[in-house]
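Peer 1: Take a look at the following structure, please.
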Amino acid sequence: MSCPRCGGAVAAGQEYCLECGRRIPGRARLGPPPQDPRRLALRLAVAAALAIGGAAGAVALTRDGARPATIATATGGSVTVAAPAPSAASRLASWPRDTAGWTNVLVSIPKVAGRDAAVARAEQARRRGVAGVGILDSSRYASLHPGYWVVFAGVYASEPEAASRLRIAKAAQRTARTQRVSP
């Protein structure tokens, strides 16, 4: 084999001429480039037809049958309905109005996450055996950083009293801490 530009000797598989630096034409790693544009167009048309057929098959297999909706009409007497169970929020403890004290903060949840997220975390702690779990709006208390729902456990008169219950709070929430709360 030889270089088409300078005629220098080229070894099999060599991509560039060592004499002039020109790239040696030959088979590409992924096969030869298409010589006939009609063969390329035919391959693309076959690939497009397969894609369209596959999409149509997927739609046909996943389509729900057109079944008429069944309308149930109740006739007769009334149904007895049990009184709804108290909501999770109503079972939570509340902080005494205008009272300063100590508590164990289980977690602080940004208000943008919503109160429901705080209620869920409080319920989770209550199910894990923590007593006196409630939620505070941190914006209403000077000693707390505003903008959070604070899930707390217990209202205590002193820091040592709150710290004595911290172990129980940490069993439910590993990051629990003791915090002073003042209006």
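The values are calculated or read from the model by the stated rules, or taken from the named source; none is laboratory data. These figures come from a predicted structure and were not determined experimentally. Here the Cβ is made from the backbone with ideal geometry for all residues, glycine too, and neighbour counts use every protein chain on show.
Peer 1: What tally of residues in the range 97-115 results from selecting those that are outside any helix (DSSP H, G or I), within 24 Å of Lys170 (Cβ to Cβ) and free of Cβ contacts under 8 Å to residues at least 60 places away in the same chain?
Peer 2: 3
Peer 1: Of all residues in the range 135-150, which are in contact with a helix residue (DSSP H, G or I) (Cβ under 7 Å, 6 or more places away or on another chain), touching a residue at least 40 places away in the same chain (Cβ under 8 Å) and of a type in the set (Gly, Ala, Ser)?
Peer 2: none
Peer 1: Would you say Ala157 is touching a residue at least 12 places away in the same chain (Cβ under 8 Å) and within 19 Å of Arg97 (Cβ to Cβ)?
Peer 2: Taking the combined requirement at face value, the residue satisfies it.
Peer 1: Looking at Gly13, Gly76, which one is at positive phi, at pLDDT below 65, outside the structural domain of Val155 (by TED's automatic domain parsing) and in a loop (DSSP other than H, G, I, E, B)?
Peer 2: Gly76
Peer 1: Separate question: Just wondering, is there one or more residues in the range 158-174 that are in a loop (DSSP other than H, G, I, E, B) and surrounded by fewer than 12 Cβ atoms within 10 Å (Cβ to Cβ)?
Peer 2: yes
Peer 1: Can you work out which of the residues in the range 160-183 that are free of Cβ contacts under 8 Å to residues at least 12 places away in the same chain and within 26 Å of the chain's Cα centre (by Cα) is farthest from Thr99 (Cα to Cα)?
Peer 2: Here the residue is Arg174.
Per-residue answers, yes or no, for (1) touching a strand residue (DSSP E or B) at 6+ places or on another chain (Cβ under 6 Å); (2) among the small types (Gly, Ala, Ser):
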position	(1), (2)
Leu92	yes, no
Ala100	no, yes
Thr103	yes, no
Val112	no, no
Ala117	yes, yes
Gly129	no, yes
Gly132	yes, yes
Trp149	yes, no
Phe152	yes, no
